[in-house]
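Q: Structure provided below as structure tokens; questions to follow.
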Ligand code: ATP
Ligand code: MG
């Protein structure tokens, strides 16, 4: 992996003005092996998603800022602190997407998908942008995979989504991602609960951190999952939403848990789990991984029955989640789970100036049949080409000299044991495809 810093010498600049170009803070370059691992995660995700009946949606990288103000919520950390927003040349306020759900809902409404038969099931694989302090597991550009299921009020919707996640993590070989579950109620039961929590918090205001002291008035629910021990000790006896659910929320939550039991998906209930975004109702969940340190949440999601209508659409219940691909990879690495390695070349063709054209033509033909092979593009000596074949761990080599020009049979050398095999030119494709 290249590591040196790239220096660009701007014309007519003195030595001390050489500009060093680096990726912006919190952004990463992804090289071959990691790119391959990410591609594998994408393939597994999309294959399983299709099996569950979800269809892919590809979204714009940026949206009107207004969408996130309304769709994520002005009180959230994402909107109040973390957005990459700018004014474009037409004077519009634009924001690089900090998450996927708002864009999916925008597309759902814009294309009239509410008129399609329910449930409508979509999945996405996106990069997302948040202006955060970069640290392990936290970047300014990162990748999320997510799903949204529209149109079902039934607890089976949560169960299906969680069944998908459980299968996906198991398929990757992750056995101990912990599902943490809670219910935070609905528009019916929440106002009374808010008031009760607020009056509890107001009495303790002096002992809360400055963030919570502020959140307490606008969004008291968020105080419940403050990460500071000092706040958690204040909150030890605070009322929690799950104890104050209205009968239909309580029944819904009980059914979600029943279905999870039937699906043999283990979970831990955490009455203080709330999600950072304003739009959640009833079920909220996270998956935590124990191998990746402080940023242990790899996945967050839940039900958001009021988001579609709050963005101007019809009343539409919905369930969704998103997980962070970088954190998922860190967990796989921490658990020593190996993803498929980079391919090694099946063949390296060693050529000479007078055989270059013909050997490139052979390479083209074999590659068209999907065979990974390498050939010389540097005008290297025979010895240097052999060295390259060893470095790349090619399985076979073919020395394409003058006597090979137009020959009907070609001699392959198997690098593992030096064994030589004569193969008819016409049979080469089949031989190397095996
Ligand atoms: P956190 O508590 O870590 O800030 P969050 O609640 O902001 O997470 P969500 O908005 O629910 O995260 O996003 C879903 C997932 O996306 C997270 O569980 C995490 O795996 C990943 N994620 C969020 N922010 C980042 C980031 N800055 N860098 C890398 N991954 C991230
Ligand atoms: Mg965050």
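The values are calculated or read from the model by the stated rules, or taken from the named source; none is laboratory data. Everything numeric in this text was worked out from a predicted model, so none of it was measured. Note that we place each Cβ from the backbone using ideal geometry, even for glycine, and neighbour counts take in every protein chain shown.
Q: Got a number for residues in segment 142-172 being within 15 Å of residue 97 (Cβ to Cβ) and surrounded by fewer than 16 Cβ atoms within 10 Å (Cβ to Cβ)?
A: First pass over segment 142-172, keeping only residues within 15 Å of residue 97 (Cβ to Cβ): 142-146, 148.
Checking which are surrounded by fewer than 16 Cβ atoms within 10 Å (Cβ to Cβ) leaves us with none.
Counting residues in segment 142-172 that are within 15 Å of residue 97 (Cβ to Cβ) and surrounded by fewer than 16 Cβ atoms within 10 Å (Cβ to Cβ) gives 0.
Q: Conditions first: (1) within 16 Å of ligand 2 (Cβ to nearest atom); (2) in contact with a strand residue (DSSP E or B) (Cβ under 9 Å, 6 or more places away or on another chain); (3) closer than 25 Å to residue 219 by Cα. Residue 67 passes all but one, so which condition is the exception?
A: (1)
Q: Sticking with this one: If you take the residues of segment 60-73 that are more than 19 Å from the chain's Cα centre (by Cα) and free of Cβ contacts under 8 Å to residues at least 40 places away in the same chain, which of them is surrounded by the fewest Cβ atoms within 10 Å (Cβ to Cβ)?
A: 66
Q: I need the full set of residues from segment 228-271 which are within 16 Å of ligand 1 (Cβ to nearest atom) and modelled with pLDDT of 95 or more, in order please.
A: Residue satisfying the conditions is 270 alone.
Q: From the list 119, 191, pick out the single residue that is on the phi < 0 side of the Ramachandran plot and modelled with pLDDT of 95 or more.
A: Details: 191 fails: modelled with pLDDT of 95 or more.
Result: 119 is the single residue among 119, 191 that is on the phi < 0 side of the Ramachandran plot and modelled with pLDDT of 95 or more.
For (1) part of a loop (DSSP other than H, G, I, E, B); (2) under 30 Å from residue 62 (Cβ atoms); (3) within 16 Å of ligand 1 (Cβ to nearest atom); (4) touching a strand residue (DSSP E or B) at 6+ places or on another chain (Cβ under 6 Å), each residue gets a yes or a no:
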{"site": "94", "(1), (2), (3), (4)": "no, yes, no, yes"}
{"site": "99", "(1), (2), (3), (4)": "yes, yes, yes, yes"}
{"site": "118", "(1), (2), (3), (4)": "yes, yes, no, no"}
{"site": "122", "(1), (2), (3), (4)": "no, yes, no, yes"}
{"site": "126", "(1), (2), (3), (4)": "no, yes, yes, yes"}
{"site": "173", "(1), (2), (3), (4)": "yes, no, no, no"}
{"site": "186", "(1), (2), (3), (4)": "yes, no, no, yes"}
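Q: Quick one: would you say residue 217 is more than 16 Å from ligand 1 (Cβ to nearest atom) and modelled with pLDDT under 90?
A: Working: more than 16 Å from ligand 1 (Cβ to nearest atom): yes; modelled with pLDDT under 90: yes.
Yes; evaluated as a whole, the condition is true for this residue.
Q: Working only within segment 269-300, note down all residues that are within 21 Å of residue 174 (Cβ to Cβ) and within 14 Å of ligand 2 (Cβ to nearest atom).
A: 286, 294, 295, 296, 297, 298, 299, 300
Q: Further question on the same structure: Out of segment 281-293, which residues are out of contact with any strand residue (DSSP E or B) (no Cβ under 9 Å at 6 or more places or on another chain) and either within 18 Å of residue 228 (Cβ to Cβ) or buried (at least 22 other Cβ atoms within 10 Å of the Cβ) (or both)?
A: The first filter runs over segment 281-293 and keeps only residues out of contact with any strand residue (DSSP E or B) (no Cβ under 9 Å at 6 or more places or on another chain), leaving 291, 293.
Listed by number, the list holds a single entry, 293.
Q: Condition first: farther than 18 Å from residue 277 by Cβ and modelled with pLDDT under 95. Can you find one or more residues in segment 60-75 that meet it?
A: The answer is no, given that none of the residues of segment 60-75 is farther than 18 Å from residue 277 by Cβ and modelled with pLDDT under 95.
Q: Within segment 209-280, which helices (runs of 4 or more DSSP H) (wholly inside it) include 1 or more residues that are in contact with a strand residue (DSSP E or B) (Cβ under 7 Å, 6 or more places away or on another chain)?
A: On the way: elements: 210-218, 229-234, 247-262.
The qualifying helices (runs of 4 or more DSSP H) are 247-262.
Q: For segment 379-434, list the strands (runs of 3 or more DSSP E) that sit wholly inside it and hold at least 3 residues that are more than 41 Å from the chain's Cα centre (by Cα) and touching a residue at least 40 places away in the same chain (Cβ under 8 Å); which are they? So that I can check it myself, show each step before the final result.
A: Details: elements: 396-400, 409-414, 420-424.
Of the strands (runs of 3 or more DSSP E) lying wholly inside segment 379-434, those with at least 3 residues that are more than 41 Å from the chain's Cα centre (by Cα) and touching a residue at least 40 places away in the same chain (Cβ under 8 Å) span 396-400.
Q: From the residues in segment 188-204 that are free of Cβ contacts under 8 Å to residues at least 12 places away in the same chain and more than 36 Å from the chain's Cα centre (by Cα), which one is farthest from residue 306 (Cα to Cα)? Talk me through it step by step, then tell me what you get.
A: As a first pass, look at segment 188-204 and keep what is free of Cβ contacts under 8 Å to residues at least 12 places away in the same chain: 191, 195, 199, 203.
Among the residues that remain, those that are also more than 36 Å from the chain's Cα centre (by Cα) are: 195, 199, 203.
Working: 195: 20, 199: 26, 203: 31 Å.
The qualifying residue farthest from residue 306 (Cα to Cα) is 203.
Q: Can you name every residue in segment 81-91 that is loosely packed, with under 13 Cβ neighbours inside 10 Å and away from ligand 1 (no atom under 12 Å from the Cβ)? I'd like the intermediate steps shown before the answer.
A: As a first pass, look at segment 81-91 and keep what is loosely packed, with under 13 Cβ neighbours inside 10 Å: 81, 86-91.
Result: 86, 87, 88, 89, 90, 91.
Q: Return a yes/no flag: does segment 83-101 have any residue that is within 16 Å of ligand 2 (Cβ to nearest atom) and modelled with pLDDT under 95.
A: Scanning segment 83-101, I find no residue that is within 16 Å of ligand 2 (Cβ to nearest atom) and modelled with pLDDT under 95, so the answer is no.
Q: Consider residue 372 against the criteria (1) touching a strand residue (DSSP E or B) at 6+ places or on another chain (Cβ under 7 Å); (2) within 30 Å of residue 172 (Cα to Cα): it satisfies all of them except one. Which criterion is unmet?
A: The failed condition is (1).
Q: Let me ask something else about it. Determine whether segment 137-154 contains at least one residue that is within 15 Å of ligand 1 (Cβ to nearest atom), modelled with pLDDT under 95 and touching a helix residue (DSSP H, G or I) at 6+ places or on another chain (Cβ under 8 Å).
A: Within segment 137-154, one or more residues are within 15 Å of ligand 1 (Cβ to nearest atom), modelled with pLDDT under 95 and touching a helix residue (DSSP H, G or I) at 6+ places or on another chain (Cβ under 8 Å).
Q: Next question, about the same structure. Go through the residues of segment 354-365 one by one and say whether even a single one is within 30 Å of residue 172 (Cα to Cα) and touching a residue at least 12 places away in the same chain (Cβ under 8 Å). Steps first, please.
A: If we filter segment 354-365 for residues that are within 30 Å of residue 172 (Cα to Cα), which is where we start, we get none.
So far as segment 354-365 goes, no, none of its residues is within 30 Å of residue 172 (Cα to Cα) and touching a residue at least 12 places away in the same chain (Cβ under 8 Å).
Q: So in segment 1-59, with the set limited to residues that are in a helix (DSSP H, G or I) and surrounded by fewer than 10 Cβ atoms within 10 Å (Cβ to Cβ), which one is modelled with the highest pLDDT?
A: Kept after step one, since they are in a helix (DSSP H, G or I), are these residues of segment 1-59: 15-17, 32-51.
The next check asks that each one be surrounded by fewer than 10 Cβ atoms within 10 Å (Cβ to Cβ); those that pass are 15-17, 32.
Values: 15: 52, 16: 54, 17: 55, 32: 90.
Among residues in segment 1-59 that are in a helix (DSSP H, G or I) and surrounded by fewer than 10 Cβ atoms within 10 Å (Cβ to Cβ), the one modelled with the highest pLDDT is 32.
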